[in-house]
Amino acid sequence: MTYPNAPMEPAFQLPASLWLVSRETRPSDARELWARGLNATLKVGLHFDVVQLPSGVVERGIHGVRDRAAIDTHFRTTGITSAVIASRTLTRYSLPVPPGTFRDWAVPSIKCIGIEHPVNYLGVPVPTRREPPGAHWFLPAPEDDGVLCDPARVRELIGKDRERRSRQRDQVL
């Protein structure tokens, strides 16, 4: 059990940790889970919505490469420089985007979850977890609203995958 006057671990005093749980009704629950090495389940739509990209969408945009450095570069050259969670199995990337993105999201076969979504929770690793095993922050955790992923940049990343697949189909024909 966490007590209000107990000192917090240094990781929980980081701006990203404080920001992520600041709108949760029970932020101590998240801190307890993080202290045990588990993901905290945070409500989506309060601070952010989330776009869930299958890893293939990201990797096909760079010729199917699964190398961490190449994927990092691919995100960054698209303008996505922070706020990306890699799933435990490295099969999905969760990109926190500004709240309300869910309402206007119209990208076929790519899920965006917001406050109105029937399942609007996300497993979030402690912001200091940057490496596997387990879910981790592939790019640094957001410290405020200003560093969430820009939905236009996310669409651009998805567009690179679709352009590549289209070129491949044209070459086969």
Residue 37 passes all but one of (1) within 15 Å of residue 129 (Cβ to Cβ); (2) buried (at least 17 other Cβ atoms within 10 Å of the Cβ); which number fails?
(2)
The one condition residue 41 fails out of (1) closer than 15 Å to residue 139 by Cβ; (2) hydroxyl-bearing (Ser, Thr, Tyr); (3) touching a strand residue (DSSP E or B) at 6+ places or on another chain (Cβ under 6 Å) is (1)
Which residue pairs have Cβ atoms under 7 Å apart, sit 6 or more places apart or on different chains, and have a first residue in region 1-22 that is farther than 17 Å from residue 127 by Cβ and a second that is open to solvent by less than 70 Å² (accessible area, probe 1.4 Å) and modelled with pLDDT of 75 or more?
2/28; 2/31; 2/32
Quick check, is residue 75 aromatic (Phe, Trp, Tyr) and within 21 Å of residue 160 (Cβ to Cβ)?
yes
Per the list (1) without any contact (Cβ under 8 Å) to a residue 40 or more places away in the chain; (2) assigned to a helix (DSSP H, G or I), residue check on residue 71 breaks on (1)
Of all residues making up region 79-136, the number that are more than 30 Å from residue 10 (Cβ to Cβ), in contact (Cβ under 8 Å) with a residue 24 or more places away in the chain and among the hydroxyl-bearing types (Ser, Thr, Tyr)
2
Given the conditions (1) within 14 Å of residue 157 (Cα to Cα); (2) in a strand (DSSP E or B); (3) over 12 Å from the mean Cα position of the chain (by Cα); (4) not small (Gly, Ala, Ser), and given that residue 63 satisfies all but one, which numbered condition is not satisfied?
(2)
Does residue 166 fit the bill of being open to solvent by 10 Å² or more (accessible area, probe 1.4 Å), modelled with pLDDT under 95 and not in a loop (DSSP other than H, G, I, E, B)?
yes
State the number of residues belonging to region 77-114 that are under 12 Å from the mean Cα position of the chain (by Cα) and not in a loop (DSSP other than H, G, I, E, B).
11
Of the residues in region 56-97 that are among the hydroxyl-bearing types (Ser, Thr, Tyr) and closer than 25 Å to residue 145 by Cβ, the one that is surrounded by the fewest Cβ atoms within 10 Å (Cβ to Cβ) is 77
Within region 142-163, the count of residues that are among the basic types (Lys, Arg) and modelled with pLDDT of 95 or more comes to 2
The residue that is modelled with the lowest pLDDT, considering only those in region 3-22 that are assigned to a loop (DSSP other than H, G, I, E, B) and exposed (fewer than 13 other Cβ atoms within 10 Å of the Cβ), is 3
Under 7 Å between Cβ atoms, at least 6 apart or on separate chains: pull out the pairs that start in region 154-165 with a residue that is among the acidic types (Asp, Glu) and end on any residue that is open to solvent by 20 Å² or more (accessible area, probe 1.4 Å) and assigned to a helix (DSSP H, G or I).
161/60
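The values are calculated or read from the model by the stated rules, or taken from the named source; none is laboratory data. For clarity, every value in this text was computed on a predicted model and none was experimentally measured. Heads up, the Cβs are rebuilt from the backbone with ideal geometry, glycines too, and the neighbour counts pull from every protein chain shown. Side chains are part of the model used for accessible areas, which takes the heavy atoms of the whole protein and leaves out ligands, DNA and RNA. Shrake-Rupley method; radii C 1.70, N 1.55, O 1.52, S 1.80 Å.
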